[in-house]
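Here the structure is laid out as structure tokens; the discussion comes afterwards.
The values are calculated or read from the model by the stated rules, or taken from the named source; none is laboratory data. If you're wondering where the values come from, they're calculated on a predicted model, not measured in any experiment. For neighbour counting, all protein chains shown are included, and Cβ atoms are generated from backbone atoms with ideal geometry for every residue, glycine included.
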Amino acid sequence: MSIPPRPTDPRSPKRQRFPPVVEDDESSEDDEDYTAASVDEEEDDEGDDSDDSEAASVAEEEAVRGEETVIGIAVGVTEAQPARSVSSCSPSSSSSPQQQSIKLKSSDVLDCPTCNEPLKRPIYQCTNGHLACSSCLHKLRKKCPFCRLDIGDIRCRALEIVLEASIVPCRNTVHGCTETTSYDTQSKHEKVCIFVRCSCPLPNCSYIGSYTDVESHTRSVHSWDSDNFIPFVLDSPQIFSMNLRKQKTTVFQEEKKGDLIVVQAFKGSDGVYMTVSSISPLTPGLPNFSCSLAKLNSYTTLRLGLMVKKIQKVEEQLEKPDVSFMLIPTYMLSGDHLKLQICIGREYKYVHI
């Protein structure tokens, strides 16, 4: 069987295929040759478009294989370093390893085993791998508290990297804080966090909340306690009394904004020590208070200007304070009854001294 000649114009219409006639083995072989030749001619007829399409398909397959190879390498790197989170890679890149989050059952494993405080860089270890924070290192005189070996200057850099990469929420989340910090800087943030836990300064009250919550609590719950709870106006002098047998703490609350001022008394061998504090976090930008405090007698008056300290909880004074106090000497005392005057102002005014 003869094959029609190939046309010279590649854009001519495709020829019709003739069905093979099965007569014998020889004719079958001829038909197979004809079919193969027809296929070759049809591929040639498709011209450059077909070649471009095949080339694009091959390139796409090679690209896919290349992507699969890169992804496999990236995942391998990520699995080899599970403690590190790579954030510099673009999430849209198919070759970027995805970030992995690791959740610890307890953050206690990141605390110093000696002082039970969060570990801070630099971290040291003995030859057996026992850890000690930098502050404990000097207290222990560079002796391991567990095996008594020298700690020396061996740094545990692996754990330092873990601490640097560990992100934790603020402990004041329950009171409204949304900040997250690295584990080793958590304590620095919590010292100045505006949502730090504050305690109600009134005696026999265990309420705890943010300082604004405590202010609202005292208004609604303790407004009836006239002996321990007194409203005040800024820059206005006010006389009050304290009976040291019954009370050693008096709480003032500003009428408009609700700021809480605590006056405490501690009786020592040389007189009575008076301190003035405010229930407030150490957050920068919050207002500071100053005050003048006076002990009034029939013939003498002792007056002193004080800077109001910021505290989060009232502690019973068991010993005389170190700074920011007024000492009322013994000769000015008449029993346990104190007649005092206070005037509270903003910042460094020391009003009515």
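A few comments on the model shown:
- Of all the numbered requirements in (1) under 32 Å from the mean Cα position of the chain (by Cα); (2) surrounded by 14 or more Cβ atoms within 10 Å (Cβ to Cβ); (3) assigned to a loop (DSSP other than H, G, I, E, B), G285 misses one, and that requirement is (2).
- Test: S135 is among the polar types (S, T, N, Q), modelled with pLDDT of 80 or more and in contact with a Leu (Cβ under 8 Å, 6 or more places away or on another chain): no
- Verdict on S210 being under 28 Å from G285 (Cα atoms), among the small types (G, A, S) and surrounded by 18 or more Cβ atoms within 10 Å (Cβ to Cβ): yes
- Checking K295 against (1) surrounded by 20 or more Cβ atoms within 10 Å (Cβ to Cβ); (2) under 44 Å from the mean Cα position of the chain (by Cα); (3) not hydrophobic (A, V, I, L, M, F, W, C), the condition it does not meet: (2)
- Test: residue in region 144-155 that is among the acidic types (D, E) and either touching a Leu at 6+ places or on another chain (Cβ under 7 Å) or in a loop (DSSP other than H, G, I, E, B) (or both): yes
- Scanning region 237-264 for residues that are surrounded by 14 or more Cβ atoms within 10 Å (Cβ to Cβ) and over 27 Å from S220 (Cβ atoms) gives P237, L244.
- Taking the criterion of being surrounded by 14 or more Cβ atoms within 10 Å (Cβ to Cβ) and closer than 12 Å to V314 by Cα, the residues of region 186-206 that qualify are C198, S199, C200, P201, L202, P203, C205.
- Selected residue (criterion: farthest from K313 (Cα to Cα)) from residues of region 261-282 that are assigned to a loop (DSSP other than H, G, I, E, B) and in contact (Cβ under 8 Å) with a residue 24 or more places away in the chain: D270
- K313 vs. criteria outside any strand (DSSP E or B), crowded, with 16+ Cβ neighbours inside 10 Å and of a type outside the set (V, I, T): no
- Test: residue in region 108-127 that is farther than 26 Å from E190 by Cβ, out of contact with any helix residue (DSSP H, G or I) (no Cβ under 9 Å at 6 or more places or on another chain) and in a loop (DSSP other than H, G, I, E, B): yes
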